[in-house]
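The values are calculated or read from the model by the stated rules, or taken from the named source; none is laboratory data. Bear in mind the structure is a predicted one, so any value in this text is a computation, not a measurement. FYI the Cβ positions are ideal-geometry reconstructions off the backbone, even for glycines, and counts take in every protein chain you see.
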Amino acid sequence: MTDRLLLDDVRFYGQHGVTPAEREVGAWYSVDAELGIDLSAACVSDDLAATIDYHRVAQRIVEIGTGPPVNLIERLAGMIAESLLREFPARDVRVRVRKLTPPLGFIGTPGVELMRTR
């Protein structure tokens, strides 16, 4: 069985980027996270202790995203994935990071997706 706890579109404003201008201006980011966990006990017990508190997951994502700047969204996604695996009882995580307001002149929404397993 592969149950998934889903958390989509966690947004924060971060100062990440390769150029000094990107870091100075900052950008809005959106993160989706999927955590693999057996949810059968939570389905029966209706007890928060039997699952992962998605509020705590969202808080952790925002803490990392608004923390010290990094150059690449790949690094940001890696930091989030590593933290979620370390701090929550998930078998695996999938993290998707999108930069919603990229530098002027850029067309599209850049993003990365990482899958990490214990």
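Below are the figures for this structure:
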read-out: Filtered residue count, region 1-19, keeping only those that are touching a helix residue (DSSP H, G or I) at 6+ places or on another chain (Cβ under 9 Å) and within 16 Å of Leu100 (Cα to Cα); value: 8
read-out: Flag if Asp53 is free of Cβ contacts under 8 Å to residues at least 12 places away in the same chain, surrounded by fewer than 16 Cβ atoms within 10 Å (Cβ to Cβ) and on the phi > 0 side of the Ramachandran plot; value: no
read-out: Top-ranked residue of region 2-27 - restricted to ones that are at pLDDT below 95 and hydrophobic (A, V, I, L, M, F, W, C), ranked as farthest from the chain's Cα centre (by Cα); value: Ala21
read-out: Check on Val57, of a type in the set (Val, Ile, Thr) and in contact with a Phe, Trp or Tyr (Cβ under 9 Å, 6 or more places away or on another chain); value: yes
read-out: Which numbered condition Thr117 fails, given (1) surrounded by 14 or more Cβ atoms within 10 Å (Cβ to Cβ); (2) β-branched (Val, Ile, Thr); (3) farther than 17 Å from Asp9 by Cβ; value: (1)
read-out: Of the criteria (1) over 20 Å from Arg94 (Cα atoms); (2) surrounded by 12 or more Cβ atoms within 10 Å (Cβ to Cβ), which one Asp46 fails; value: (2)
read-out: Answer residue from region 61-87, given it is over 14 Å from Gly14 (Cα atoms), in contact (Cβ under 8 Å) with a residue 24 or more places away in the chain and in contact with a helix residue (DSSP H, G or I) (Cβ under 7 Å, 6 or more places away or on another chain) and is surrounded by the most Cβ atoms within 10 Å (Cβ to Cβ) among those; value: Leu84
read-out: Region 1-39, residues that are under 24 Å from Ala90 (Cα atoms), exposed (fewer than 11 other Cβ atoms within 10 Å of the Cβ) and of a type in the set (S, T, N, Q); value: Thr2
read-out: Exclusive hit being touching a Ser or Thr at 6+ places or on another chain (Cβ under 6 Å), modelled with pLDDT of 95 or more and surrounded by 17 or more Cβ atoms within 10 Å (Cβ to Cβ), set Arg98, Arg94; value: Arg98
read-out: Test: residue in region 42-55 that is under 18 Å from Arg96 (Cβ atoms), at pLDDT 95 or above and of a type outside the set (Val, Ile, Thr); value: yes
read-out: Residue list for region 56-70, filter: part of a helix (DSSP H, G or I) and either at pLDDT below 95 or in contact with a strand residue (DSSP E or B) (Cβ under 6 Å, 6 or more places away or on another chain) (or both); value: Val57, Ala58, Ile61, Val62, Gly65
